[in-house]
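Okay, so here's the structure we're looking at.
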Amino acid sequence: MTNNISTVKDLTQTTYDSVEGYRKAIEKAESPALKNALNERLQSRQETLTKLNSLLMSNGEERIDSSSVTASTHQTFMNIADAFENGNEAAVERVEEGEDYIAGKFRDALEDNDIDPAFRSVIQQAYQEISAGERFSDMLEKQYA
């Protein structure tokens, strides 16, 4: 059970960091259409975060509602790098990088045969939204990069 909780905490933290990444990308985007599309993905990702946090809380854990140290460090670096870039391309690059990273974490978790079926079910549901985000970022990259 401890491994299940640890896995869900890690995925929830990464999902929270992803929500924050979408917020940053929306700030960087110049195109109203891109801002709107990113906001729609943000709302879907927020729903996924809520589901994962609910799973944590139903197992006696606290909800995750702040960025991880690793994400904060990464975001600090990206903010420095972004100071030299502006606009849609920078926003799309940020989303693409984040989506590839989070999708990989969810795939790895689902490959773990020791995950309890109840946990696996929630992780699988979350992965469906994460996969949609990965496809979304691929589409954006073709359009804006």
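Since every read-out is calculated from the coordinates, none of them should be taken as a lab result. Note that the coordinates shown come from a computational prediction; the quantities given were computed from them, not determined experimentally. When we count neighbours, we look across all protein chains shown, and the Cβ atoms used for this are built from the backbone with ideal geometry, even at glycine.
Quick notes
- Taking other residues whose beta carbon is less than 11 angstrom from the beta carbon of G104, and scoring Lys, Arg as +1 and Asp, Glu as -1, yields -3.
- Radius of gyration, Dmax [the chain; alpha carbons; angstrom]: 15.4, 46
- Cα-based helix-to-principal-axis angle, 69-82 vs the chain, degrees rounded to 10: 10
- Angle between the chain longest axis and helix 88-110 axis [Cα atoms, degrees, rounded to 10]: 20
- Taking the chain as a Gaussian network of alpha-carbon nodes connected by springs under 10 Å, the highest mean-square fluctuation of the residues N53, N36, N113 belongs to N113.
- Karplus 3J(HN,Hα) series, Hz, for the stretch 56-67 with 6.51 cos²θ - 1.76 cosθ + 1.60 (x for Gly, Pro): 4, 5, 5, 10, x, 9, 7, 5, 9, 9, 8, 5
- Summed over qualifying helices (DSSP H, 4 residues or more, each -39500 (n - 2.57)) and divided by its residue number, the chain shows a 222 nm mean residue ellipticity of -29000 deg cm²/dmol.
- Across the stretch 4-17, rounded Karplus estimates of 3J(HN,Hα) from the backbone phi angles (6.51 cos²θ - 1.76 cosθ + 1.60, θ = phi - 60°) give 4, 5, 4, 5, 5, 4, 4, 5, 5, 4, 5, 5, 4, 4 Hz, Gly and Pro being marked x.
- Dipole-positive endmost among G21, T48, V8 within the chain (Cβ charges, Cα centre): T48
- Calculated Rg and Dmax of the stretch 1-45 using C-alpha coordinates, Å: 13.9, 46
- Whole-angstrom gap from the stretch 98-117 to the stretch 1-56, using each part's C-alpha centre: 15
- If you take all other residues with their beta carbon under 11 Å from the beta carbon of K9, and give Lys and Arg +1 and Asp and Glu -1, the sum is -2.
- Counting lysine pairs in the chain that sit 8 or more residues apart in sequence, or on different chains, and whose Cα atoms lie under 25 Å apart gives 12.
- FRET efficiency for A33 and Q128, using Cβ-Cβ distance with R0 set to 30 Å, rounded to 0.05: 0.75
- Charge sum, other residues only, whose C-beta stays under 10 Å from S67's C-beta, Lys/Arg counted +1 and Asp/Glu -1: -3
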